[in-house]
Every structure is written in structure tokens, then in C-alpha cells.
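Worksheet: one structure, shown below.
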Amino acid sequence: MEKFDVIVVGGGSGGGVVAARLTENPDCRVLLLEAGPDFPREEILPPLFVVSGEHSWKSAGIPEFDWEFYNEDRSGTLNGRQLWLPRGKLMGGTSMVNATIAARGAPFDFDRWASMGNDGWAWNDVLPYFIKIENDLDFGDQPIHGNAGPIVIQRYKPESWAPINRVMYESCVELGIREVPDLNAIDSHAGVLGVMPHNRYKEVRLGTLTTYIRSARKRPNLTIRAGAVADRILLNGSKAEGVVYIGSDGTQQTVHADEVVVSAGVYNTPAILQRSGIGPSEWLEPLGIEVAADLPVGKNLLDHPGFGMIFKGRGLGVTTGRSFVADVRGPAGPTGEPAWQTHPFPVDEEEGMAGFWTYLTHAYAQGEVIIRSRDARQAPLIDHRYNTVERDRQNFDDARTFCKEMLASATFQGHGAEWVDDINQPIADALGERMGAAHHQAGTTKMGRADDPTAVVGQDLRVHGFDNLRVADTSVYPDNVQHNTNLTALVVGERAAEFVAAALR
């Protein structure tokens, strides 16, 4: 029988951190299972995906390293469109194919998490971990920032920007939006204009493959198995005894451990747990799966839905330069939180076309992830229920109103800007045609108290009812953070590693 101290399923933003931190203890033997390929020589022979992207507004997903997940529009509110949901199937996970935007969650996000029964997750609790993970080249000398972590963070200088960023930035200044130098500062989360921070340095994406895993792979106590698709968790009462996975040769393998951490992402983590018998009984029993714990695994699926608005004007579509730079965050609502944020993107240099991409910082629609069968190789049913909640539509309409004001500003009009899309189309119809995902998915194994019927894991990330089974990825978010989810996922990984290390003592 093959046994480790810890098995980590998934090498992305959560799992890569967990495996790397735990192996800092030479006595802790860790097996890291990754469904996609590994790149052990990436430091001396960088794969193209490590340095690609950034100069196109389109998703940087790479077909060979993608899970090929799609959102199903069961409600018909997207006109039957099937939306692609890119997720990285490779060592480093989605952290190696994303836009490398290094935005923290807002302080009020984590204070809200704590108020939902998650002691130890308030802003003051998580700030030390944000400091620990980062090396901020611009603000590392400030108390709320770090200068020694594995993730280098910088803000691109104006001379490197694609022109549309400068035009939108100047338009927002014209409209009186407050400028802030640091969008990760404590007071920079509503009613502000700034430059997006990035975890990309010298053209290298600083996901977990090129940071945490790079530093850990030389350790003899870390075993990495790529091409290993996790099937289910071996359960014995309240204990997880190991993992059953499909190896790169297509055969089923079983490995045991004292602790199991599932970090397979917002779609795959609930699928693995459901195949293991942890999930809603009404979903599992029809598939012949014995229910070990009737928990709401796969529910509470969240995202920041987005909406693109296309326009054209002289020089606005130029694609040379950095694309994801200028960002305007909507005004504070009654709770002090914004409802939306917007950044520009170039589309077509020849036609002079560009766009505003707006996403909701807190969407009220909740979806679900449900396995279709017991086959680990079959994609689950994913339905975010986009465009089903009137409050979300109203927030998009408010954001669209602001975008109209930007395009009407003297700055944009100086470029002869005019709308390509029907900007006065009823918002529900416009969303049905052009709404998409911001790829900030979260929530399918929600963190909360054991007496919370909507919760799956506790504040120590253990699955309720189990002694040694944890989840460490964005699926544990009890509700979504206001901004990009990746940096917070790294923090979840850091905390999970500490919880597991304490349990092994």
C-alpha cells in the first residue's frame, strides 16, 4: 500500500501553495496530483504559455491545457448561448493561463466572511497572508504590503499601455473620478480610478508553476504525478483514507494518506466530492452513489458576470501595448461597496474598435455544478444562471450609464468615438446577447458553521463531518470577493497549509 502524509489534488493557486508550504518540513511527505501535464524544466525551457497573452483582450486559455467546460443556459436568459468557461488543466492550473491581475479582495469582503460565522477570516486575520505572498515592487515598503514573497507584483507604466487605457483613464479624470496609486490599498475599493496590479514580471506569468512549485520540486519529500485525474476520495466513516485517480496510462490507481486536500477548482472540486458520496442526496442517489454526507456541494456557484460594450474611434483599437491596465471601480453603495467595475480593451486596430468590459463585483444569481455520471472523465453540468436576477440587471444598467458618460466625454469625443453596439437596447436583451463570464468563479463548497445548511467546510477548511478532508481553492469562498479571485486563492492555500501542518503534529 502506497501512503503519504498528505495528498493534494490539484496544482493550481490553492493546491500548489499547499504542497509547497507543507514540504518545507522535510519530514512531511506530500503527493501532488495534477490532471494536466507538468513542466519540470519550465525555468530553463519556458513553455510558450508562460510568456504569452497580455496583448490581447481575448481569453489566454490554451486549448491543449483547458478542461473544455461550458455554461449551460437552462433558463434561456442567454438566448441559449453556451459560454466557454476556461480553466487551466496543467501544473499551476488557471494561475498559468489567466490575465495575471493581482487584485486583493477588499477589507469589507473578509469582514463579511467573518460575520457569516467564519472566525479567523476577517481582514485583520488575512492581511498578514497577503503580505506574506507578495513582493510588491511599487509599495513593498508600506505596512500593508510585502516585499519578500514569491509573487512579484507591479503596475505597468503609462508608456507601455495600449492607447485605449490612456484614453479611458483621462476620461475618468475628466469626469471627476478619484485617482488612487494603489488599487490594493485599504481605501481604494469604491469610486476610484487606478492602474491594475499584475503578478507578471519580466514577461513571466507568476502562477504557482513558476513560483511555489518551482521552489518545491527539488525537495525529495514532494512527489508530483501529472496526468492524474482524481476520481473520488476513499472514505471510511468520518475519515478520508486516500484518493482514487486515473493515471496517465488510463488505469485506476489508489493511494493513501493521513490528510487529503482537494484543490481541484470551483468546478472539479465539487465533482470529486460528489463522486465520493459527499453532496446533495437528490443529485447522488439517481446515479447510484451511496451518500456519505448530504451536504450542499456544488450549490452556491458564484461569478462576476461581465458585459462588453463595443465602440470605435481614431486610434482606439490599437493593440500594441498592455491591455489590462486602467480600471474604474463604481461608486460606493449603501454598504460602502461598489456594484461594478470597468476596464477598456482594444478589439480591432484596423477598424478602430475597442470596448468597455464591465463586471459585477457582487452578483446575486447563484448557480450549481452537478455531476452527470460517475465517470471522472465526463464534464459536470455547470449552470451559473446568468441574467436571471433583476438586481444584477439593474446594476449592469447603472454601469452602462456610466460607460455612456465616458464615451460622451470630451476625451473620447476628441477621438471621434461612437458606439458600435446598440447602447440603448433593453438591458435584459443586451445581456442575453453579450453577457459573459469574468472567470472569477467561487462558492461551490461554501465555508461556514456546521449548523449552516448552506455550508460545506468549516473555518479550518475541513469538510463538515470529516476529520482529515479539506478543500483549498476558490470554491470555499462563502461569497465572492469584490475583485479578481486569484490572490485570495493563494491566501486560502497558505492558510490550508497551516491547518494541515497543525493537524499532523
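Looking at Glu285, Glu259, which is the one that is within 29 Å of the chain's Cα centre (by Cα), charged (D, E, K, R) and in the same structural domain as Gly36 (by TED's automatic domain parsing)? Result: Glu259 is the single residue among Glu285, Glu259 that is within 29 Å of the chain's Cα centre (by Cα), charged (D, E, K, R) and in the same structural domain as Gly36 (by TED's automatic domain parsing). Identification of helices (runs of 4 or more DSSP H) wholly contained in segment 380-469 with 1 or more residues that are under 30 Å from Ser115 (Cβ atoms) and of a type in the set (Phe, Trp, Tyr) yields 390-408. Annotation: Ser56 fulfils all but one of (1) surrounded by fewer than 20 Cβ atoms within 10 Å (Cβ to Cβ); (2) at pLDDT below 90; (3) more than 22 Å from Asp303 (Cβ to Cβ); the unmet one is (3). Every test in (1) more than 15 Å from Val491 (Cβ to Cβ); (2) within 20 Å of the chain's Cα centre (by Cα) is passed by Phe139 save one, and that test is (2). If you go through segment 99-148 and keep only what is within 26 Å of Gly448 (Cβ to Cβ) and touching a strand residue (DSSP E or B) at 6+ places or on another chain (Cβ under 6 Å), you end up with Asn118, Ile133. Within the option set Arg104, Arg74, being farther than 30 Å from Lys312 by Cα, among the basic types (Lys, Arg) and either free of Cβ contacts under 8 Å to residues at least 40 places away in the same chain or in contact with a His (Cβ under 8 Å, 6 or more places away or on another chain) (or both) holds for one residue only, Arg104. Scanning segment 321-365 for residues that are in contact (Cβ under 8 Å) with a residue 40 or more places away in the chain, more than 25 Å from Arg112 (Cβ to Cβ) and part of a loop (DSSP other than H, G, I, E, B) yields a total of 5.
Scanning segment 208-240 for residues that are crowded, with 19+ Cβ neighbours inside 10 Å and over 25 Å from the mean Cα position of the chain (by Cα), we see that the one that is nearest to Leu461 (Cα to Cα) is Ala240. For Ser409, the criteria (1) closer than 28 Å to Val369 by Cα; (2) outside the structural domain of Ala257 (by TED's automatic domain parsing); (3) of a type in the set (Ser, Thr, Tyr) hold in every case but one, which is (1).
Filtering segment 120-171 to residues that are of a type in the set (D, E, K, R), in contact with a Gly (Cβ under 6 Å, 6 or more places away or on another chain) and either surrounded by fewer than 20 Cβ atoms within 10 Å (Cβ to Cβ) or in a loop (DSSP other than H, G, I, E, B) (or both) leaves only Lys132. Only one entry of Leu316, Leu284 meets the criterion of being at pLDDT 95 or above, part of a helix (DSSP H, G or I) and over 19 Å from Ala472 (Cα atoms), and that entry is Leu284.
For segment 196-278, the strands (runs of 3 or more DSSP E) that sit wholly inside it and include 2 or more residues that are in contact with a helix residue (DSSP H, G or I) (Cβ under 7 Å, 6 or more places away or on another chain) and either over 21 Å from Pro86 (Cα atoms) or in contact (Cβ under 8 Å) with a residue 60 or more places away in the chain (or both) are 229-236, 252-262.
For (1) in contact with a helix residue (DSSP H, G or I) (Cβ under 6 Å, 6 or more places away or on another chain); (2) crowded, with 24+ Cβ neighbours inside 10 Å; (3) under 30 Å from Phe324 (Cα atoms), each residue gets a yes or a no:
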position: Gln441; (1), (2), (3): yes, yes, yes
position: Val456; (1), (2), (3): no, yes, no
position: His464; (1), (2), (3): no, no, no
position: Leu469; (1), (2), (3): no, yes, no
position: Thr474; (1), (2), (3): yes, yes, yes
position: Pro478; (1), (2), (3): yes, yes, yes
position: Val481; (1), (2), (3): yes, yes, yes
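Scanning segment 85-119 for residues that are in contact with a Gly (Cβ under 8 Å, 6 or more places away or on another chain), of a type in the set (A, V, I, L, M, F, W, C) and not in a helix (DSSP H, G or I) yields Leu90, Met91, Val97, Ala99, Met116.
Within segment 375-434, being loosely packed, with under 14 Cβ neighbours inside 10 Å and in contact with a Ser or Thr (Cβ under 6 Å, 6 or more places away or on another chain) holds for no residue.
The values are calculated or read from the model by the stated rules, or taken from the named source; none is laboratory data. The structure displayed is predicted, hence computed values, not measured ones. Cβ: placed from backbone, ideal geometry, glycine included. Neighbour counts: every protein chain shown.
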